[in-house]
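First comes the structure, then the notes that go with it.
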Amino acid sequence: MLDYLLSFLILTGAIFTFIGSLGLVRLKDFYTRLHGPTKATTLGVGCLLIASTVYFSTRDAGVSLHEILITLFLLITAPVSAHMLAKAALHIEIPSLAKIPENKVSEYKKTRSEVVKQAGRQEVNPSSTETVKPDV
Amino acid sequence: MLEIVILIALALVAAAVAMSFWRLLIGPSVPDRILALDTLYINTIAMLMLLGIHIGSALFFEAALLIALMGFIGTVALSKYLLRGDIIE
């Protein structure tokens, strides 16, 4: 019975790890690629670490809790690193394949850096009539 | 049965390591490569855990914990460098 539980956990973890890396290779642009490996972190490695906990707890005398520590650490740090990566990618303006929302098309005809540049010029010359800042 | 499952799982994780290494090589932009490094260290943790069960030794936890810590710090430092042009201001 324990063997079946362990096999199930290990196979689930390995398959999710595999799918995460498959997504990293196959998806089309950076922002969708960012989505793939998070599955590998939480479900994949989580399942493997729980399997390891169960295995060493039943094999040895005491309860083995090292792996829980790693699971907690990964669960805490994965969103932080994904957030930092997405922020860096937005900062250096990696292109996205996502469609522009319908009501924003006219604003986004220019690239973002042009908007920023024009906004700076507008600040210097406030009497200019053309509006650059989008209404929120 | 557990032995066969562990071998299959090791093969799957090895394929995952190979694929993230491929993304590290071809990644068109810098954040892609950082993301590939991030995935690579997570796959390494999975592989170390499987190896620990396979060999039956509890010595791999410390290595996995160290890899998790250093990998997180590395990812954050690299993204911070991209974001600000500097790591510690």
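The values are calculated or read from the model by the stated rules, or taken from the named source; none is laboratory data. These figures come from a predicted structure and were not determined experimentally. Here Cβ is always computed from backbone atoms with ideal geometry, including for glycine, and neighbour counts include all displayed protein chains.
Can you name the residue in region A:17-40 that is of a type in the set (V, I, T) and facing chain B (nearest Cβ under 7 Å) and, of all such residues, is farthest from B:T44 (Cα to Cα)?
A:V25
In this structure, does B:G56 turn out to be surrounded by fewer than 21 Cβ atoms within 10 Å (Cβ to Cβ) and either closer than 21 Å to A:I94 by Cα or at pLDDT 90 or above (or both)?
For B:G56, the condition - surrounded by fewer than 21 Cβ atoms within 10 Å (Cβ to Cβ) and either closer than 21 Å to A:I94 by Cα or at pLDDT 90 or above (or both) - is not met.
Could you grab me the full set of residues in region B:28-43 that are free of Cβ contacts under 8 Å to residues at least 12 places away in the same chain and either surrounded by 19 or more Cβ atoms within 10 Å (Cβ to Cβ) or acidic (D, E) (or both)?
Scanning region B:28-43 gives a single hit, B:D32.
Select, from A:L9, A:L5, A:L43, the only residue that is among the aliphatic types (A, V, I, L, M) and at the interface with another protein chain (Cβ under 10 Å from one of its Cβ atoms).
It is A:L9.
Kindly list the number of the only condition in (1) at the interface with chain A (Cβ under 8 Å from one of its Cβ atoms); (2) farther than 16 Å from A:G36 by Cβ that fails for B:D38.
(2)
Which of the following residues is more than 8 Å from chain A (Cβ to nearest Cβ) and at negative phi: B:I6, B:I87?
Criteria check complete, one pass: B:I87.
Please go through region B:43-79 and pick out each residue that is under 20 Å from A:A86 (Cα atoms) and in contact with an Asp or Glu (Cβ under 8 Å, 6 or more places away or on another chain).
Matches in region B:43-79: B:G71, B:T75.
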